[in-house]
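Asks: The structure's right below; bear with me while I get my questions together.
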Amino acid sequence: MRWHVIGRVGPLDQHQPQVPATEGRVWAVFESPTDPSYVKNNVARRILETAGVEPSELLLDLAHLAMSVYAADLRIPRRYSADQWSRDFTLYLPVRDVERWNGAAAALKQTLDFLTGDQWTIVFRARPARPPSPPRQLRLPTLEEVCLFSGGLDSLVGAIDRLHAGRRLALVGHHGAGITNDIQERVLENLDRHFPEQATPFMFWVQPPKLEKKGADSEPTMRSRSLLFLALGLVVANTATLDAPLVVAENGTISLNVPLTPARSGSLSTRTTHPYFFALFRQFIAALGIPTQIQLPYRFKTKGEMLRESVNQEALRNIAPMTMSCSHPESGRYRGKDSRKHCGYCVPCIIRRASMDAAGLEDASYNVNIRTRPPKAESESGRDIRAFKMAVARLNGASNRQTLLDVLSTGPLPPEEASEYASVYRRGMEEVGAFLD
């Protein structure tokens, strides 16, 4: 079944493409808060409030693109597809410069197809220019780098290492409903105590409307989240700074996300920070004419190595327990547990615990302690632990060639970097194996 994602900007935009009655439709509406399909967000307002300037037409179109894809990704469950996984989307997006966007359409399709695992067709149409706004002056100090900031361990290490070096940063995060923003704000507050007035936060709120069907569940895989994250980073980098690079602090083991078992190559093997996704995304923004450099300084580091080698261990020890790595941080409330704690048994939690253990750092508490009271292997909460043990056992007997093939199975890699990625994958899995042993 094909899904038509119809983007609209402003209350006067009532564009309605000709769509067969047998095919699905969802809307992604911007700048029209009373519309039931309005994608709630504070992107332009937050930049204006923080920096004193508004994003350009191109950057607003980029933000609308990313939020439209994110809304469709969340609102259309994969179970509706014939194979229960890959969806077929046509996105209709109003943009200011259709010719420019058409020139980037092929690169965008490649990027989206790889990232989400779906098939995308993109149709651009012209939108009117916005009314001219009063001239405003950038009121921020010079920001030297823009860092994505999720409130997790990796982004904390990236921020600490740069702030310790005296750099002035823009920290870009986003959140929807739930506890994520509270966690981000707490970590930001404590970063400011260690590095006063060096970081300017840009915390964005993006919340697509819920499905109209009563009781319908949203799609939990959220593969498009990294596209939204990068787009927001680019909007800040090209509005509130002068030629600042965009830094993505993510360890190589998570970026590769090699399936732990052959059965986990679908929903449990995401591509949100895969090196090939970044290569495609760079081609896309280059085709759009956005010159920002995207840097991945920790792509050959495990999470444990990032923690051990962080340049300010005092700040890391104090703040790390406040961060959140769990893939479903509010799951505890459904089990009668603390809803603000890590679950303790999902893939990110296991990698986090292994890395903190490898770095000799004290961590926050978990709702389930898999070391002292491991869940049964056949239970839902025990499946990731079992999968890790199977993967570690398989890796222990694997040749370097087989490890390289496993890493390449998740997507193409630059030939000159493939062995480095194979090595970081092996070392990362060894960290987990040592923790589970």
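Asks: Fully extended, how many nm does the chain gain between A364 and A286 (0.36 nm per residue separation, minus their Cα-Cα distance)?
Replies: 23.9 nm
Asks: Between the DSSP loop rule and a limit of at most 15 other Cβ atoms within 10 Å, which chymotrypsin sites (Phe, Trp or Tyr not before Pro) in region 3-100 are left?
Replies: Here the sparse-neighbourhood loop sites are W85.
Asks: If Lys and Arg each add +1 and Asp and Glu each add -1, what is the summed charge of the other residues whose beta carbon sits under 12 Å from the beta carbon of R136?
Replies: -1
Asks: How far apart, in nm, are two points set 7 Å out from the Cα along the Cα-to-Cβ line at L405 and at D243?
Replies: Here the modelled spin labels are 4.7 nm apart.
Asks: Explain nothing, just compute: Karplus ³J(HN,Hα) = 6.51 cos²θ - 1.76 cosθ + 1.60, θ = phi - 60°, for every residue of region 123-131 in order, whole Hz, x for Gly and Pro.
Replies: 3J(HN,Hα) across region 123-131, in whole Hz: 10, 9, 9, 7, 10, x, 5, 6, x.
Asks: To the nearest 10 degrees, how steeply does helix 418-436 sit against the main Cα axis of the chain, on a 0 to 90 scale?
Replies: So the inclination is approximately 60 degrees.
Asks: Going by the alpha-carbon gyration tensor, a ≥ b ≥ c the square roots of its eigenvalues, is region 1-135 rounded (a/c under 1.5) or, if a/c is not under 1.5, prolate (a/b greater than b/c) versus oblate?
Replies: prolate
Asks: Would you work out what percent of the accessible area of the chain, with all protein chains in place, is carbon or sulfur (probe 1.4 Å)?
Replies: 49
Asks: Students often get this wrong: which residues of region 7-44 have the backbone nitrogen under 11 Å from the point 7 angstrom along Cα-to-C-beta of D192?
Replies: Answer for region 7-44: none.
Asks: Suppose R0 equals 22 Å; then what is the FRET efficiency for S379 and S81 from their Cβ-Cβ distance, rounded to the nearest 0.05?
Replies: 0.20
Asks: Sequence neighbours fewer than 8 away in the same chain don't count; with that in mind, list the lysines whose C-alpha is under 20 Å from K210.
Replies: K40
Asks: Taking the solvent-accessible surface of protein heavy atoms with a 1.4 Å probe, what is the per residue accessible area of the chain in Å²?
Replies: Accessible area per residue, the chain: 44 Å².
Asks: How much length is gained if the chain between N102 and A398 is pulled fully straight, taking 0.36 nm per residue apart and subtracting their Cα-Cα distance, in nm to one decimal?
Replies: Net length gain for the segment: 102.0 nm.
Asks: Moving to a separate point now. Could you tell me what percent of the DSSP beta bridges with both partners in the chain are antiparallel, to the nearest 5?
Replies: The antiparallel proportion sits near 5 percent.
Asks: Oh, and also: Would you mind counting up the charge near T111? Only other residues with Cβ under 11 Å from its Cβ, with Lys and Arg at +1 and Asp and Glu at -1.
Replies: Charge balance near T111 sits at +2.
Asks: Dimensions of the chain along principal axes (Cα, Å, largest first)?
Replies: Reported extents, whole Å, longest axis first: 61, 53, 49.
Asks: Exposed loop sites here are GluC sites (Glu not before Pro) in DSSP loop states with at most 11 other C-beta atoms within 10 Å. What is the longest stretch of the chain lacking them?
Replies: Counting at most 11 other Cβ atoms within 10 Å as exposed, the longest clean stretch of the chain is 1-196.
Asks: Run down the aspartates and glutamates and flag those whose C-alpha is under 14 Å from the C-alpha of K389, throwing out any fewer than 8 positions away in its chain.
Replies: In chain and number order, the partners are E378, E430, E431, D437.
Asks: What distance in nm separates the simple spin-label points at R136 and E417, each placed 7 Å from Cα in the Cβ direction?
Replies: The answer from the label model is 3.5 nm.
Asks: While we're here: Using the Cα gyration tensor of region 79-150, with a ≥ b ≥ c the square roots of its eigenvalues, what is the shape: rounded (a/c below 1.5), prolate (a/b larger than b/c) or oblate (neither)?
Replies: Verdict is oblate for region 79-150.
Asks: Let me ask another. Expressed as a whole percent, how much of the Cα-Cα distance distribution for region 345-437 exceeds 23 Å?
Replies: 32
Asks: Hand me the trypsin sites (Lys or Arg not before Pro) from region 119-166 located in a DSSP loop with no more than 15 other Cβ atoms within 10 Å, in residue order please.
Replies: Passing sites in region 119-166 are R136, R139.
The values are calculated or read from the model by the stated rules, or taken from the named source; none is laboratory data. In this text, all values refer to a predicted model and were calculated from it rather than measured experimentally. When we count neighbours, we look across all protein chains shown, and the Cβ atoms used for this are built from the backbone with ideal geometry, even at glycine. Keep in mind that these areas ignore ligands, DNA and RNA; they rest on the heavy atoms of the full protein, side chains included. Shrake-Rupley method; radii C 1.70, N 1.55, O 1.52, S 1.80 Å.
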